[in-house]
1. Which residue is nearest to Asp84 (Cα to Cα), if the candidates are limited to the stretch 10-42 and must be buried (at least 16 other Cβ atoms within 10 Å of the Cβ) and of a type in the set (D, E, K, R)?
2. Give me the residue from the stretch 128-144 that is at pLDDT below 80 and outside any loop (DSSP other than H, G, I, E, B) and, out of that set, least open to solvent (accessible area, probe 1.4 Å).
3. Is it true that Glu125 is closer than 20 Å to Arg167 by Cβ and at pLDDT 80 or above?
4. Residues of the stretch 95-117 being buried (at least 17 other Cβ atoms within 10 Å of the Cβ) and in contact with a helix residue (DSSP H, G or I) (Cβ under 7 Å, 6 or more places away or on another chain), which ones?
5. Residue check: is Arg160 of a type outside the set (Ser, Thr, Tyr), within 25 Å of Glu114 (Cα to Cα), in a loop (DSSP other than H, G, I, E, B) and open to solvent by 80 Å² or more (accessible area, probe 1.4 Å)?
6. Within the stretch 79-122, count every residue that is modelled with pLDDT of 85 or more, in contact with a Leu (Cβ under 9 Å, 6 or more places away or on another chain) and not in a helix (DSSP H, G or I).
7. Could you go through the stretch 43-52 and let me know if any residue there is in contact with a Ser or Thr (Cβ under 7 Å, 6 or more places away or on another chain), closer than 22 Å to Leu115 by Cβ and open to solvent by less than 50 Å² (accessible area, probe 1.4 Å).
8. Determine, yes or no, whether Leu73 is surrounded by 14 or more Cβ atoms within 10 Å (Cβ to Cβ) and within 25 Å of Arg154 (Cα to Cα).
Amino acid sequence: MKSVLYLGCPDPERADAERLLGAANVSVIWADNVAYALSELQRKDVPVLLDLSRGAAALQNAREIRNHRASTLMFAVVDARRPDLTTEAVLAGMADVFARPLGGRRVANAIERELKYESHDASLEPHGNGEDLYSHSTSMREVMAMIARAATMRAGVLIRGEEGTGRQVAARAIHAMAAARSPW
């Protein structure tokens, strides 16, 4: 059975969320605040399902988790009437965004998909710093130049491409180059 840490789910929605996720073979660890969520993540590394019904405050929770546990897989739950939060969730690094009502099977599939990609990419890209990217062709030299430029930006970067084109490899290269330049 997969587990997920659900941060910020409103109390009236918990029973339904637990039922829907349980039906999809996903157990829930409930967290009401980021401090408790971080302590639970120290004990057990599980994906986080972050409820964005509180808007900016919930997005701050996402940033705080990222600051303490950068590799944590995070998903967001948003109200369909707030499409702006979907964009903010993607910019905050959510692997996927789910609209209410929450679909347990969809969450389970997304967790499985992301964990599969994570383990697959880890075996292909052990360092993630771009050194393993071949840049012999003109096209790849252009991609490497864009990766280097993106690493210097403070804004978010959107990497587009079909499955298997190396989006996550490029993202890891950007993060590694940015970390190498960071004074912290």
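The values are calculated or read from the model by the stated rules, or taken from the named source; none is laboratory data. Quick caveat: nothing in here was measured; it's all calculated off a predicted structure. Positions of Cβ are backbone-derived with ideal geometry, glycine not excepted, and every protein chain shown enters the neighbour counts. To get the accessible areas, we keep the full protein, side chains included, count just its heavy atoms, and leave off ligands, DNA and RNA. Shrake-Rupley method; radii C 1.70, N 1.55, O 1.52, S 1.80 Å.
1. Here the residue is Glu13.
2. Met140
3. Numbers: closer than 20 Å to Arg167 by Cβ: yes; at pLDDT 80 or above: no.
The answer is no for Glu125.
4. Those that are buried (at least 17 other Cβ atoms within 10 Å of the Cβ) and in contact with a helix residue (DSSP H, G or I) (Cβ under 7 Å, 6 or more places away or on another chain): Ala95, Asp96, Val97, Phe98, Leu102, Gly104, Val107.
5. yes
6. 7
7. Checking the stretch 43-52: at least one residue is in contact with a Ser or Thr (Cβ under 7 Å, 6 or more places away or on another chain), closer than 22 Å to Leu115 by Cβ and open to solvent by less than 50 Å² (accessible area, probe 1.4 Å).
8. Against the criterion (surrounded by 14 or more Cβ atoms within 10 Å (Cβ to Cβ) and within 25 Å of Arg154 (Cα to Cα)), Leu73 qualifies.
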